Structures are given as C-alpha cells and as structure tokens.
1. Within segment 101-120, is even one residue under 30 Å from residue 19 (Cβ atoms) and in contact with a helix residue (DSSP H, G or I) (Cβ under 7 Å, 6 or more places away or on another chain)?
2. May I ask you to list the residues in segment 129-156 that are in a loop (DSSP other than H, G, I, E, B) and out of contact with any helix residue (DSSP H, G or I) (no Cβ under 9 Å at 6 or more places or on another chain)?
3. Looking at segment 64-79, which of the residues that are buried (at least 23 other Cβ atoms within 10 Å of the Cβ) and over 23 Å from residue 183 (Cα atoms) is nearest to the chain's Cα centre (by Cα)?
4. For segment 157-184, which residues satisfy the criterion of being surrounded by 14 or more Cβ atoms within 10 Å (Cβ to Cβ) and at pLDDT below 95?
5. I'm checking my understanding of the structure. Among residues of segment 42-63 that are over 21 Å from residue 99 (Cβ atoms) and out of contact with any strand residue (DSSP E or B) (no Cβ under 6 Å at 6 or more places or on another chain), which one is surrounded by the fewest Cβ atoms within 10 Å (Cβ to Cβ)?
6. Can you report the number of residues in segment 42-68 which are in a loop (DSSP other than H, G, I, E, B) and within 21 Å of residue 10 (Cβ to Cβ)?
7. For segment 103-114, which residues satisfy the criterion of being surrounded by fewer than 20 Cβ atoms within 10 Å (Cβ to Cβ) and out of contact with any strand residue (DSSP E or B) (no Cβ under 6 Å at 6 or more places or on another chain)?
8. Starting from residues that are touching a residue at least 40 places away in the same chain (Cβ under 8 Å) and more than 12 Å from the chain's Cα centre (by Cα), keep the ones in segment 94-108 and report whichever is nearest to residue 130 (Cα to Cα).
C-alpha cells in the first residue's frame with residue numbers, strides 16, 4: 001500500500017497494491033498493523049457503516065463531539081464520490097481548511113479522517129456504495145456538523161448547486177463561524 005499525506009495533519013490517503021490477472025483482481029483492503037504504522041498510533045475500529053446514494057446526494061459535513069468523537073476510514077465499493085474533510089481543531093494551523101479526494105471503485109483508495117474533522121461526501125456517479133469504519137460508536141446526542149455551502153470554507157463539490165440533493169437536517173447545520181465549540 002502507498003500512503004499519501006495531505007495538507008491536513010493526520011488525514012491520509014491509502015492506495016492499495018492491486019494484483020490483477022485474467023480472473024480479476026485481489027487487494028488487501030485493511031491490515032491493522034500496516035494501518036496503525038501509517039497513522040502513527042493504534043486505532044481500534046468498532047463499527048462499520050455503509051450507505052447507498054444516487055448521483056448528487058451530498059451527505060455532510062458531519063462529526064461526533066466529545067467522548068463520542070470518531071475517526072473514520074472511508075472507501076467506495078461502487079461508483080465515485082468526492083470525499084471531504086474539514087479541520088475543526090481550534091488549535092490546528094489548518095483550522096477551517098478542507099481537503100478533498102476522489103474515491104472510486106476503480107482507484108480503490110481509502111481516506112483516513114482522524115478525530116477533530118467534519119466529514120462529508122457527494123456522489124458523482126449514477127449511484128455509489130460508500131463504506132466506512134469508525135473507532136467509536138455513534139451517539140445521536142453527540143452529533144454535530146457544518147453547513148456544506150459555508151462561504152468561508154468555499155468547498156467545490158464538483159456539481160452545480162441545483163444538482164445537489166441534501167437532507168433538511170444537513171441544510172440546517174451552522175457555518176463554521178457560528179458553530180458551537182466541538183471540543184477539539
């Protein structure tokens with residue numbers, strides 16, 4: 001596997017080594033020892049989630065606060081998404097900045113987002129199956145997030161505004177400058 005660091009400290013892109021032959025392909029999608037070496041500390045994933053979405057569906061920007069904060073390892077098994085992480089760590093030199101990466105069934109890349117980041121994605125293909133591992137259990141009372149169209153973040157989601165399909169819950173999320181302290 002190849003590890004690519006991002007401008008946001010702690011966020012990394014993982015590209016697997018793929019073995020192709022006339023039968024198809026094989027790759028190791030997760031190895032705890034190699035993963036922990038790559039991030040520099042032990043991450044214990046305890047929950048796996050999967051979503052299925054149509055083109056234009058934007059999910060995010062979400063996070064879990066406090067004791068329920070989550071690191072995520074995300075990937076796409078069908079289709080293509082633009083995946084985005086926003087640094088919400090107040091003391092970070094990249095606070096309020098984002099990084100995006102295209103994840104697809106073709107590139108098999110994974111994106112690791114540590115605690116202290118809001119996360120979201122938009123489906124660019126007709127449909128997408130999105131999978132992610134979390135290192136903490138979901139807790140409804142600890143939900144938080146940022147508005148996907150925050151002008152200070154200025155995220156290019158890759159599709160025109162009229163093509164976006166966003167939940168009411170996500171539309172109501174605050175801009176970063178109006179958000180509560182997430183505790184990071």
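The values are calculated or read from the model by the stated rules, or taken from the named source; none is laboratory data. This one's a predicted model, so the numbers in the text were calculated from it and none came from an experiment. Using ideal geometry, Cβ is built from the backbone for each residue, glycine included, and neighbour counts are taken over all protein chains shown.
1. There is at least one residue in segment 101-120 that is under 30 Å from residue 19 (Cβ atoms) and in contact with a helix residue (DSSP H, G or I) (Cβ under 7 Å, 6 or more places away or on another chain).
2. Keep residues of segment 129-156 that are in a loop (DSSP other than H, G, I, E, B), which gives 135-139, 146-156.
Passing the criteria: 135, 151, 154, 155, 156.
3. Ranking the candidates gives 75 first.
4. Answer for segment 157-184, where residues must be surrounded by 14 or more Cβ atoms within 10 Å (Cβ to Cβ) and at pLDDT below 95: 179, 182, 183, 184.
5. Residue satisfying both the conditions and the ranking: 44.
6. Number satisfying all stated conditions: 6.
7. 106, 107, 108
8. Ranking the qualifying residues of segment 94-108, first place goes to 108.
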